[in-house]
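Undergrad: Below are the structure tokens for one structure; questions will follow.
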Amino acid sequence: MNGDVIIDLKNIYKRFYIGEPNELEILHGIDLTVREGEFVSIVGASGSGKSTLMNIIGALDRPTEGSYDLNGTNVCAAPDSELSHIRNKQIGFVFQTYNLIPRNSALKNVELPMMYAQISSSERKKRAKELLSMVGMGQRMDHTPDELSGGQKQRVAIARALANDPSIILADEPTGALDSSTGRMIMDLFHQLHEEKGITIILITHSNELAEETERVLTLMDGKIISERMGCNYAERQHTACAQ
Amino acid sequence: MLKDNILLALSELKANRMRSLLTMLGIVIGIASVISIMIMGEGMKRTTADIIGSAEAKQIGFQVIQKGMENYYDNEGYDESLRSMKNSDKLTVKMFDDIEKRYSDRLDGISLSADMGRMEVGEETLSLKGVNRCALTTEGSIDILAGRNITDDEYTNGKNVILLSDEKAEKIFGSVDGAVGKTVECRKNTRFYSYTVVGVYHKEPAPALKAMFTGDTKDIGFVPYVTTLENGLADEYYEWLIVVAKESEGIPELSREIGNYLNNTYYADNDAYKLDIITYQEQMDSITQVLGIMKGVLIAIAAISLIVGGIGVMNIMVVSITERTREIGTRKALGASNNNIRVQFLVEATIICLLGSLFGIAIGLLLGKLMSLVLGIAGGMPVMSILISVGISMAFGIFFGYYPANKAAKLNPIEALRYE
């Protein structure tokens with residue numbers, strides 16, 4: 001059911017303080033492919049290199065060694081301006097701390113990536129409204145982040161991540177700052193987007209419970225992927241979905 | 001995109017209203033000072049031009065001074081050891097006739113006037129002055145409200161006629177029109193003089209700045225100079241003399257020519273005294289020069305305040321960018337290029353400076369108008385200065401905003417996102 005390879009990481013190494021006595025190698029040769037429409041989770045304890053890997057996948061950082069092909073673009077060779085463009089068009093970030101722009105309404109926040117994509121004011125407003133309605137925030141579009149609850153903020157952030165119709169949604173601990181029931185709702189939203197819209201999602205989490213719900217679970221330890229398997233509860237979800 | 005940045009900047013400024021206003025203050029003060037100084041400067045220039053173009057500009061004054069005291073105004077010197085001035089050292093009517101004949105083609109006339117002092121007219125006091133036609137013009141422009149001006153015949157034959165000011169006419173006779181034809185009985189000490197009112201004039205009070213140069217004589221009763229002589233109220237010897245040229249051009253040359261002639265002819269053998277030349281134009285020139293220097297100093301101070309204001313803007317932008325590090329990281333993660341971030345903060349800094357300059361221009365215009373009113377000069381609208389102010393403030397925004405904006409643009413997105 002899954003389509004073409006979108007993300008192709010080959011033999012990725014990431015080192016810091018290169019050439020200095022305290023040189024540090026965080027990632028030791030990561031190979032990872034993600035196909036269109038997959039829902040993948042990356043789990044690992046803190047210090048396992050999750051964030052570093054996420055930064056590389058999200059085109060916020062370049063690997064020291066290895067190759068990264070994102071939807072046909074060689075990310076390693078791209079200059080900074082090209083990386084901005086890749087982040088803008090191909091990647092939708094969802095952060096643990098929401099990172100909404102304060103004092104800007106939900107609508108303005110969702111419009112932001114489209115503004116950087118040079119989409120006209122009227123068109124981005126229209127699309128932002130659609131996206132906010134889709135995540136169930138249609139009634140609170142004019143509220144600023146400090147007027148919204150944590151779950152509501154994360155919904156706005158997800159709508160923002162979808163704004164430029166990216167190749168992948170990169171969610172870094174999206175439920176980490178939420179209570180369990182709200183976190184559940186956010187996870188359900190991801191599943192819904194995945195199942196109904198066929199959106200590719202990479203979920204980075206330290207929660208095994210959430211990871212088990214996904215199609216494929218990659219476990220990262222000390223900078224290496226030590227296991228790769230199907231999520232235990234994914235089949236169950238699919239089954240339930242099929243049964244319905 | 002630019003529109004978005006402008007709206008964004010405005011909403012940021014609105015969110016930090018107090019801080020934004022305080023940041024603008026330096027720019028506001030700087031621009032307000034520049035604009036008000038420019039208005040004043042423009043007013044001074046106009047007043048100067050006004051005086052240059054007026055009757056006074058055609059006047060040349062000669063004054064008897066001690067020899068060796070040419071720089072009279074500089075050292076305010078008076079040589080105590082020199083003998084005191086005698087009548088033979090002074091100017092006489094004979095000399096007046098001489099230069100009047102000699103320079104008749106270039107001179108409008110010689111201003112002969114004699115202060116007759118204050119006289120009592122019933123309960124009122126009246127300052128009287130004997131003038132010839134030429135001297136009346138040197139008093140500044142007057143409007144005859146009722147009756148007529150003094151005629152040539154009255155001037156030459158010394159008729160007992162008087163030109164009263166409207167204010168005095170009302171005080172003495174109750175009305176302007178009622179005064180014409182009446183007789184004013186003036187008493188000085190024990191003597192009485194009577195003059196028939198031929199006309200009533202009105203003279204606008206001189207603006208404060210102009211009065212500094214020309215004096216304010218709006219309440220004087222004028223009688224023919226010859227009448228004054230016949231009444232024994234004018235001297236035959238003068239320490240000074242005013243002549244009026246036909247044209248206001250070439251005054252310095254003409255004044256030197258007449259001065260040299262008088263000095264060579266009448267003062268060459270004088271052991272202690274000579275004539276000094278005074279022209280309004282030269283006086284105005286030196287005053288204008290001083291005012292110009294003052295203006296320069298004030299502008300320099302205003303410019304320093306403007307620069308300090310600009311540094312204030314830069315400072316607050318650095319603070320604001322540090323506070324908004326996470327926001328910048330988020331924007332970068334969402335696809336903002338370094339240039340997008342740079343432009344965003346440059347626009348913000350420019351808008352602070354621009355708003356500051358607009359407030360400054362408004363305050364400066366008010367202040368300039370107010371000061372012009374107080375000094376009685378006609379301050380114009382310094383359109384050029386306003387345009388330059390707006391331009392300079394925008395340039396300041398870009399100049400002082402560039403460092404912080406560039407700092408923001410170059411932030412590492414990963415570190416910026418992690419910033420607490």
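Undergrad: Restricting to strands (runs of 3 or more DSSP E) lying wholly in segment A:1-62: which have 2 or more residues that are surrounded by fewer than 20 Cβ atoms within 10 Å (Cβ to Cβ) and of a type in the set (Phe, Trp, Tyr)?
TA: A:5-16
Undergrad: Scan segment B:313-332 residue by residue and report those that are within 14 Å of chain A (Cβ to nearest Cβ) and of a type outside the set (Lys, Arg).
TA: Across segment B:313-332, the qualifying residues are B:SER320, B:GLU323, B:THR325, B:GLU327, B:ILE328, B:GLY329, B:THR330.
Undergrad: Taking segment A:102-118 as the search range and keeping residues that are over 14 Å from A:ALA161 (Cβ atoms), buried (at least 17 other Cβ atoms within 10 Å of the Cβ) and of a type outside the set (D, E, K, R), which one is nearest to the other protein chains (Cβ to nearest Cβ)?
TA: Only one residue tops the list, namely A:MET115.
Undergrad: Condition first: out of contact with any Phe, Trp or Tyr (no Cβ under 9 Å at 6 or more places or on another chain), at pLDDT below 85 and assigned to a loop (DSSP other than H, G, I, E, B). Can you find one or more residues in segment B:148-165 that meet it?
TA: no
Undergrad: Can you list residue pairs whose Cβ atoms sit under 6 Å apart, with the first residue in segment B:1-25 being touching a residue at least 60 places away in the same chain (Cβ under 8 Å) and away from chain A (no Cβ under 14 Å) and the second being part of a helix (DSSP H, G or I) and not aliphatic (A, V, I, L, M)? Count only pairs 6 or more apart in sequence or on different chains.
TA: B:THR23/B:GLY312; B:MET24/B:GLY356
Undergrad: Do we have B:ARG342 as within 14 Å of chain A (Cβ to nearest Cβ), out of contact with any Asp or Glu (no Cβ under 9 Å at 6 or more places or on another chain) and closer than 27 Å to B:ILE31 by Cβ here?
TA: yes
Undergrad: Specify the residue that is surrounded by the fewest Cβ atoms within 10 Å (Cβ to Cβ); the eligible residues are those in segment A:66-90 that are within 8 Å of chain B (Cβ to nearest Cβ) and over 19 Å from the mean Cα position of the chain (by Cα).
TA: A:SER81
Undergrad: Restricting attention to segment A:225-236, which residues are modelled with pLDDT of 90 or more and buried (at least 16 other Cβ atoms within 10 Å of the Cβ)?
TA: Within segment A:225-236, A:ILE225 is the sole residue that qualifies.
Undergrad: Which one of these is at pLDDT 85 or above and more than 30 Å from B:GLY335 (Cβ to Cβ): B:SER372, B:SER389?
TA: Going through B:SER372, B:SER389 in turn, just one is at pLDDT 85 or above and more than 30 Å from B:GLY335 (Cβ to Cβ): B:SER389.
Undergrad: Among the residues of segment B:359-371, is any part of a loop (DSSP other than H, G, I, E, B), in contact (Cβ under 8 Å) with a residue 24 or more places away in the chain and buried (at least 21 other Cβ atoms within 10 Å of the Cβ)?
TA: no
Undergrad: So, in segment B:372-415, exactly how many residues are among the polar types (S, T, N, Q) and crowded, with 16+ Cβ neighbours inside 10 Å?
TA: The total comes to 4.
Undergrad: Are any residues in segment B:117-152 of a type in the set (Gly, Ala, Ser) and within 17 Å of B:ALA169 (Cβ to Cβ), and if so, which ones?
TA: Correct list: B:GLY122, B:SER127, B:ALA146, B:GLY147.
Undergrad: For A:PHE93, only one of the following conditions fails: (1) more than 10 Å from every other protein chain (Cβ to nearest Cβ); (2) within 27 Å of A:GLY183 (Cβ to Cβ); (3) not in a helix (DSSP H, G or I). What is its number?
TA: Result: A:PHE93 passes all but (1).
The values are calculated or read from the model by the stated rules, or taken from the named source; none is laboratory data. If you're wondering where the values come from, they're calculated on a predicted model, not measured in any experiment. Methodologically, a virtual Cβ is constructed for each residue, glycine included, from the backbone with ideal geometry; neighbour enumeration extends over all protein chains shown.
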